[in-house]
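These notes are about the structure you will find just below.
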Amino acid sequence: MNQERLFRIARRTGIHKAFRPFYSGMGSILMFHRIAKRDNSLRIEKNRRNEVSPEFLELLINYLLTNAYEIVSLDEVYEILVSRGKKKKFIAFTFDDGYGDVYSLAYPIFKKYGVPFTVYVSTKYPDKKAVLWWYLLEDLVLKNDAVGFMHDKKSHHFDSATAEQKEAAFHSIRTMIIKQGTDALERLLKDIFEPYGMNVFEYSHKLALDWNQLTIMSEDPLVTIGAHTVNHYTLSKLDIEQVEYEINKSREVIESRIGKKVEHFSYPFGSRGEAGKREFDLVKNAGFKTATTTRIGNIFPEHRNHLECLPRIPISGNREDMFSLESFLSGYIPALSHKFRKVVTG
Ligand SMILES: [Zn+2]
């Protein structure tokens, strides 16, 4: 059943509350990407969803603190899991990728409330060499009534005149992109964006954190810096040496920049097709304390045996309300997304 329907049912019946005793677990790790100010321009939904407003972040922190949640760091999540202790439910805040607005908009709010959070960084972001193709692709379909390119001697064409067509074109091309391994990916991105004269590093410069901002945050005891690979590739599409490089190199580079140990990791595009058993084992062997996926779920005592693949609760810019939050934290959406299993590792 799709999430939209689940939300509608819960809104009508309040059924999500019945899940709380069984599916809310010991706490939850929240997943964010960006904190960004609202505007009303036409956007691709998948990108807009990754942008939560600063106002909602502040409301959310207030709500959690007044509702007896304890906001903890990932080191504390690790401690709670290995020692099985803690009466209050915990919440950990995590941000993926390394966007600049985590520094400019989110960090001041966390400081104001004295609340910890984690930023998982793909090192190509602060190196300003990341190809944030999802923003390039958004621009491409928003600006053009049709999008076309040649790839591997095949021509591809997508209508993108109406809002619906733009969404559909974005999703079809996105699916092509995330299926690629490294070399093929670079060729495909070139084939798509070069004919339109787009600078593939444009959004690295516009949107990524720089090393100076990261270093400043890393010196604050409220902030944990985690690793999120070098290149933000789909790990399941790489060979094993490449995956090891992505995991170890990103940690090494961040550690040498911030002068601190990096002990937490998150998988790029961490849903089922993009990160699995092979990746989990490699991260476990690399000696991280915890690693998080994009699988949806709360944290249960059993996760002490699965510290390398902890699920998270996505906080979306298109669901900035406490009812949606409770639909996740109660365990209602996670339980129905995973056929009532609590601990999903596969
Ligand atoms: Zn990511």
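Listed residues E255, E246; which is acidic (D, E) and more than 16 Å from the ligand (Cβ to nearest atom)? Show your work before the answer.
Working: E246 fails: more than 16 Å from the ligand (Cβ to nearest atom).
Exactly one of E255, E246 is acidic (D, E) and more than 16 Å from the ligand (Cβ to nearest atom), namely E255.
Going by what's in this entry, would Y135 be described as in a strand (DSSP E or B), within 16 Å of the ligand (Cβ to nearest atom) and of a type outside the set (D, E)? Before the answer, list the steps.
On the way: in a strand (DSSP E or B): no; within 16 Å of the ligand (Cβ to nearest atom): yes; of a type outside the set (D, E): yes.
In short, no.
Output the residues belonging to the range 77-87 that are surrounded by fewer than 18 Cβ atoms within 10 Å (Cβ to Cβ) and in contact (Cβ under 8 Å) with a residue 40 or more places away in the chain. Lay out the reasoning, then the answer.
Keep residues of the range 77-87 that are surrounded by fewer than 18 Cβ atoms within 10 Å (Cβ to Cβ), which gives 79, 82-87.
Those that are surrounded by fewer than 18 Cβ atoms within 10 Å (Cβ to Cβ) and in contact (Cβ under 8 Å) with a residue 40 or more places away in the chain: V82, R84, K86.
Yes/no per residue for (1) buried (at least 18 other Cβ atoms within 10 Å of the Cβ); (2) under 21 Å from T234 (Cβ atoms):
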position	(1), (2)
A291	yes, yes
N298	yes, no
I313	yes, no
G317	yes, no
D321	no, no
L329	yes, no
R341	no, no
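Can you list residue pairs whose Cβ atoms sit under 6 Å apart, with the first residue in the range 17-33 being in the same structural domain as F269 (by TED's automatic domain parsing) and the second being surrounded by fewer than 22 Cβ atoms within 10 Å (Cβ to Cβ) and among the small types (G, A, S)? Count only pairs 6 or more apart in sequence or on different chains.
Taking only residues 6 or more apart or on different chains, the pairs are F19/A335; Y23/A335.
May I ask you to say which residue of D101, D145, D152 is surrounded by 14 or more Cβ atoms within 10 Å (Cβ to Cβ) and not basic (K, R)? Full working, then the answer.
Working: D145 fails: surrounded by 14 or more Cβ atoms within 10 Å (Cβ to Cβ); D152 fails: surrounded by 14 or more Cβ atoms within 10 Å (Cβ to Cβ).
Checking each option against the conditions leaves just D101.
To keep it simple, each residue is scored yes or no on (1) under 28 Å from V262 (Cβ atoms); (2) out of contact with any helix residue (DSSP H, G or I) (no Cβ under 7 Å at 6 or more places or on another chain).
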position: G14; (1), (2): no, yes
position: R34; (1), (2): yes, no
position: F56; (1), (2): no, yes
position: Y69; (1), (2): yes, yes
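How many residues, within the range 179-207, are within 23 Å of the chain's Cα centre (by Cα), under 28 Å from I240 (Cα atoms) and not in a loop (DSSP other than H, G, I, E, B)?
As a first pass, look at the range 179-207 and keep what is within 23 Å of the chain's Cα centre (by Cα): 179-182, 185-186, 189, 200-207.
After this cut, where a residue has to be under 28 Å from I240 (Cα atoms) as well, the list is 179-182, 185-186, 189, 200-201, 204.
Now restrict to residues that are not in a loop (DSSP other than H, G, I, E, B): 182, 185-186, 189, 204.
The number of residues fulfilling the criteria is 5.
Just for helices (runs of 4 or more DSSP H) wholly inside the range 262-346: which have at least 2 residues that are more than 29 Å from Y245 (Cα to Cα), of a type in the set (F, W, Y) and in contact (Cβ under 8 Å) with a residue 24 or more places away in the chain? Talk me through it step by step, then tell me what you get.
Values: elements: 277-285, 322-329, 332-337.
In the range 262-346, 322-329 are the helices (runs of 4 or more DSSP H) which contain 2 or more residues that are more than 29 Å from Y245 (Cα to Cα), of a type in the set (F, W, Y) and in contact (Cβ under 8 Å) with a residue 24 or more places away in the chain.
Look through I109, I80, I71 and report the one residue that is of a type in the set (V, I, T), in contact with an Asp or Glu (Cβ under 8 Å, 6 or more places away or on another chain) and over 15 Å from I225 (Cα atoms). Can you show your working first?
Working: I80 fails: in contact with an Asp or Glu (Cβ under 8 Å, 6 or more places away or on another chain); I71 fails: in contact with an Asp or Glu (Cβ under 8 Å, 6 or more places away or on another chain).
It is I109.
The values are calculated or read from the model by the stated rules, or taken from the named source; none is laboratory data. For clarity, every value in this text was computed on a predicted model and none was experimentally measured. Note that we place each Cβ from the backbone using ideal geometry, even for glycine, and neighbour counts take in every protein chain shown.
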